[in-house]
1. Determine, from the Cβ-Cβ distance of Ser98 and Thr25 and an R0 of 22 Å, the FRET efficiency 1/(1 + (r/R0)^6), rounded to the nearest 0.05.
2. Accessible area of the chain with a 1.4 Å probe: how many percent of it is carbon plus sulfur?
3. Can you list which of the GluC sites (Glu not before Pro) found in the stretch 56-122 are DSSP loop residues with at most 15 other C-beta atoms within 10 Å?
4. Any chance you could check the Cα centroid distance between the stretch 32-98 and the stretch 142-186 for me, in angstrom?
5. For helix 107-117, what angle does its Cα long axis make with the longest principal axis of the chain, in degrees from 0 to 90 and rounded to 10?
6. Could you give the nm distance between label points at Ser17 and Trp72, where each point is 7 Å from its Cα heading toward the beta carbon?
7. Show me, for the stretch 55-63, the HN-Hα J-couplings you get by feeding each phi into the Karplus relation (A = 6.51, B = -1.76, C = 1.60, θ = phi - 60°), rounded to Hz, glycine and proline as x.
8. With an 8 Å cut-off on Cα pairs and a minimum separation of 6 or more residues, tell me the relative contact order of the chain in percent.
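The values are calculated or read from the model by the stated rules, or taken from the named source; none is laboratory data. All values derive from a computational prediction rather than experimental measurement. Positions of Cβ are generated from backbone atoms using ideal geometry, with glycine treated the same way; all protein chains shown enter the neighbour counts. Heads up: the accessible areas ignore ligands, DNA and RNA and are worked out on the full protein's heavy atoms, side chains in. Shrake-Rupley method; radii C 1.70, N 1.55, O 1.52, S 1.80 Å.
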Amino acid sequence: MPIGTDILRVLVTRIRSASEKTAKTLREHGHDPVLLPMFTLVDTGDPIPNELFGGYVFTSGNALEILDRRGWFPSESDCVAYCVGDETAQSAKSFGFSKVLSADGNAQDLARLIESDLTDKPVKLLYLAGVKRSFDLQGTLERLGIMIDQTEVYRIEQVHPKAETKQVALDQLGSGAVFFYSHNTAKDVCDEIFEGYESPGSENLVAVAISTKTADAVLKYPWQAVYVADRPTERSMVEKLKEVSLA
């Protein structure tokens, strides 16, 4: 679909459960999602500490999905779920946390939220994290004097769709947009879908990145344009499509 129209086709390559949520959001905004999941969510198997915590920290809904798979839930009825953004916060509410706070941003915003909320509160937190992290949230909070443990409960692994599956998705995409959510996954996606396939080349597409660092990972390809979300959230990425449509 040509850039400059109100309705855009958008390629989404997140893990399947997250891709389906993104697809729903895109449809609600009048866009046409093209799903090509290129990652899978894997449980590390690391045990969750068996002690009381005053709050739990989430930088991704992936951790909550793993907890749900395990059938685990905190025993503390008054604990808080500190979430990086609104999407993760909604997942925490759906999971069953009654007290949920959202930073509506990135991990640095989350650190500031936690620091503000825990002023003069001597509680200990547990960060349920992924294996790969671009920001040292635990170290940042410890330097602020906040007690926090960290357990890596999940990792994201790349999967390689069949060649014909990728080609079908690219043909459906036409001259639309591609969503990129992190520096590492952006590089993996570009290497996977733009090496050895006939159409479309990246020169026919628009990249929409969640951050400047993420955008840096795709700049070696000749995009029609690269857009960076105003805030490091998926909602801001979807809003950025308005500018793409007007281009």
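1. On the way: r = 25 Å, r/R0 = 1.13.
E(calc), rounded to 0.05, equals 0.30.
2. 48
3. On the way: sites: Glu65, Glu76, Glu87, Glu115; in loops: Glu76.
Passing both the DSSP loop test and the Cβ count: Glu76.
4. Using only Cα atoms, the two centres lie 17 Å from each other.
5. 30
6. Result: 1.4 nm between the two label points.
7. x, 10, 10, 10, 9, 6, x, 4, 5
8. Values: 471 pairs, mean separation 53.2, N = 247.
The value is 22 percent.
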